[in-house]
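For reference, the structure is listed below as structure tokens.
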Amino acid sequence: MIKNTSEWYADNLQKEEVGFDHQVATMPSVPDPETLLSMEELRERRLIDPRLPRTYRNKVASVEFVPWPIEIRFCQPNTSTNQTKSPPSIRYWFRARGKLSDEQALHRCVAAYASDLIFLQISLNPHREKGLKSASVSLDHAMWFHRPFRADDWLLYVIDSPNAHSARGFVVGRMFTRKGELVVSLTQEGLLRRARTPVSTVQSKL
């Protein structure tokens, strides 16, 4: 267990060994990643999509696009924005850009990085509205690595938020290989609040 600033990181030190093996969780039926739009292509589509508000399209155009080190392809591209409500769930394929070594620890680190890019934000989906400003912070983030995998091959990330209450959001995630193997399970709880409007300072007239 390692302490870094205000967070604790724990690692399972068990050696690989032969044991019982079963998997009940099944991978959802989704399109292959090769048939889906990349983040770059999705952005270009949104810039000219007449179904999206012009103000939203202008905002997207004004922000410089910087590719993530993780390639993502959403399974259900739609016309929702950060100002419209949507179900508290999402499915997308992801992989590292470029070839990685065979070191399994590296692939786990990449999956850990990729897991938190938009994980907690799914709890906000049913509550989004025009003008909504929110503040969020992770309270805990747990991952269980079930089987070896490669993070430079496509992994399906399935995220659901079964509950949000009392300014806290809870999300559950699962990662599958293309063969349907469950390789990682995840949970996260975080603080979700509406951003408060700053109170103007009253100037003394004395």
With 23 Å as the limit, write out which pairs from Lys99/Lys179; Lys85/Lys133; Lys59/Lys99 have Cα-Cα distances beyond it, or answer none. Lys59/Lys99
Environment charge at Ala25 (Cβ cut-off 13 Å; Lys +1, Arg +1, Asp -1, Glu -1): 0
Expressed in Å to one decimal, the Kirkwood Rh of the stretch 90-150 from all distinct alpha-carbon pairs is 14.2 Å
Once phi is turned into ³J(HN,Hα) by the Karplus curve 6.51 cos²θ - 1.76 cosθ + 1.60 with θ = phi - 60°, what whole-Hz value does each residue of the stretch 139-149 show in order, with x for glycine and proline? 9, 7, 8, 10, 9, 10, 9, 8, 9, x, 7
Please report Cys75, Cys109 as a ranked list, fewest other C-beta atoms within 10 angstrom at the top and most at the bottom. Cys109, Cys75
What is the fewest-to-most order of Leu156, Leu47 by other Cβ atoms lying within 10 Å of their Cβ? Leu47, Leu156
Förster radius 41 Å - calculated FRET efficiency between Gln14 and His165 (Cβ-Cβ, nearest 0.05): 0.75
If we count other beta carbons within 10 Å of each Cβ, what is the order of Asp116, Asp21, Asp140, fewest first? Asp21, Asp140, Asp116
Can you give the Rg/Rh ratio of the stretch 45-155, where Rg is from the C-alpha atoms and Rh is the Kirkwood radius? 1.01
Computed from the beta carbon distance with a Förster radius of 45 Å, FRET efficiency for Asp140 and Thr26 to the nearest 0.05 stands at 0.95
In order over the stretch 172-184: 3J(HN,Hα) from phi, Karplus 6.51/-1.76/1.60, θ = phi - 60°, whole Hz, x for each Gly or Pro, gives 10, x, 9, 10, 10, 7, 5, 7, x, 6, 7, 10, 9
Inter-probe distance in nm under a simple model that places probes 7 Å from Cα toward Cβ, at Arg147 and Thr84: 3.7 nm
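Read-outs: derived from the displayed coordinates by stated rules, not from any lab. Just so it is clear, the structure is predicted and the values come from calculations on it, not from any experiment. Cβ sites come from the backbone with ideal geometry, for glycine too, and all protein chains shown count toward neighbours.
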